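Participant: Below is one structure. I have some questions about it.
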Amino acid sequence: RIKAIKDRIAHLERLAAKAIATPVEERTIETNGIKIVDNIEAQRLQIIFNGKPSAEVRSELKKNGFRWCPTNNAWQRYRSNEATRIAKEIENANQNKQRKKS
């Protein structure tokens with residue numbers, strides 16, 4: 001148990017070092033009113049919309065494990081490659097929907 005705790009502390013220290021080394025601007029992707037933030041400190045991938053997303057988008061977010069966080073005003077889930085992939089898919093789907101409206 002002690003080894004597991006030491007390993008966890010080492011892992012958290014590596015994450016903290018990475019968070020300090022990478023500016024927030026480099027961890028943020030912003031397009032067409034959607035901001036995707038890789039929040040290393042909180043271990044979350046966050047999606048921030050300009051306004052309330054459509055019911056269809058909210059349903060897709062929930063289906064893929066994103067939850068609304070009123071404290072951060074963002075949809076978020078734990079960081080992972082899968083979370084990043086899904087966030088980009090949702091962003092692309094939202095862009096395509098906006099193009100069709102125009």
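The values are calculated or read from the model by the stated rules, or taken from the named source; none is laboratory data. This structure is a prediction, so every number in the text was calculated from the model and none was measured. Neighbour counts are summed over all protein chains in view; Cβ atoms, including those assigned to glycine, are modelled from backbone coordinates with ideal geometry. Areas reflect the complete protein model, heavy atoms only, side chains present, ligands, DNA and RNA absent. Shrake-Rupley method; radii C 1.70, N 1.55, O 1.52, S 1.80 Å.
Participant: Magnitude of the Cβ-charge dipole of the chain, K/R +1 and D/E -1, about the Cα centre, nearest 20 debye?
Facilitator: Working: 22 positive and 12 negative charges, 80 e Å.
My answer is approximately 380 debye.
Participant: Roughly what would the spin-label model give for R58 and K18, points 7 Å off Cα along C-beta, in nm?
Facilitator: Taking the simple label geometry, R58 and K18 are separated by 3.3 nm.
Participant: Still on this structure, please answer the following. What does the charge add up to near A83, with Lys and Arg as +1, Asp and Glu as -1, over the other residues with Cβ less than 14 Å from its Cβ? Walk me through the intermediate numbers first.
Facilitator: Working: positive: R27, R44, K62, K63, R67, R77, R79, R85, K88; negative: D38, E60, E82, E89, E91.
The answer is +4.
Participant: First select every other residue whose beta carbon is under 15 angstrom from the beta carbon of H11; then total the charges, Lys and Arg +1, Asp and Glu -1. All intermediate terms of the calculation are to be shown ahead of the outcome.
Facilitator: Details: positive: K3, K6, R8, R14, K18, R79; negative: D7, E13, E41.
My count for the surroundings of H11 gives +3.
Participant: Next up: Let me make sure I get this right: for segment 23-63, a, b and c are the square roots of the gyration tensor eigenvalues over alpha carbons, sorted descending. Under 1.5 in a/c it's rounded, otherwise prolate if a/b > b/c, else oblate. Which is it?
Facilitator: On the way: a/c = 3.31, a/b = 1.60, b/c = 2.07.
Oblate is the answer for segment 23-63, as a/c is 1.5 or above yet b/c matches or exceeds a/b.
Participant: How big is the Rg/Rh ratio for segment 56-102, C-alpha atoms only, Rh by Kirkwood, two decimals? Working shown, then result.
Facilitator: Numbers: Rg = 11.5 Å, Rh = 11.4 Å.
Ratio of gyration radius to Kirkwood radius: 1.01.
Participant: Give me the net charge of E41's neighbourhood, meaning all other residues with Cβ under 11 Å from the Cβ of E41; Lys, Arg count +1, Asp, Glu -1. Don't skip to the end; give the middle numbers.
Facilitator: Numbers: positive: K18, R27, R44, R79; negative: D38.
Charge balance near E41 sits at +3.
Participant: Okay, moving on. Within segment 25-98, what whole-number % of the accessible surface is contributed by carbon and sulfur, with the 1.4 Å probe and all protein chains included in the calculation? Write out the running numbers ahead of the final one.
Facilitator: Details: 2020 of 4460 Å².
Heavy-atom surface of segment 25-98 belonging to carbon and sulfur, 1.4 Å probe: 45 percent.
Participant: Near the amide H of R44, under 5 Å away, which other amide H atoms are found, from residues 5 or more places off or on another chain, if H is placed in the peptide plane?
Facilitator: When sequence neighbours closer than 5 places are left aside, the close amide H contacts are N39, R79.
Participant: Please state, as a whole number in µm²/s, the translational diffusion coefficient that the Stokes-Einstein equation yields for the chain at 37 °C and 0.692 mPa s, with Rh defined as the Kirkwood radius across alpha carbon pairs. Display every interim value, and only then the final one.
Facilitator: Values: Rh = 14.9 Å.
My calculation gives 220 µm²/s for D.
Participant: Hey, rough spin-label estimate for N73 and A4, points 7 angstrom out along Cα→Cβ, what's it come to in nanometres?
Facilitator: About 4.0 nm, to one decimal.
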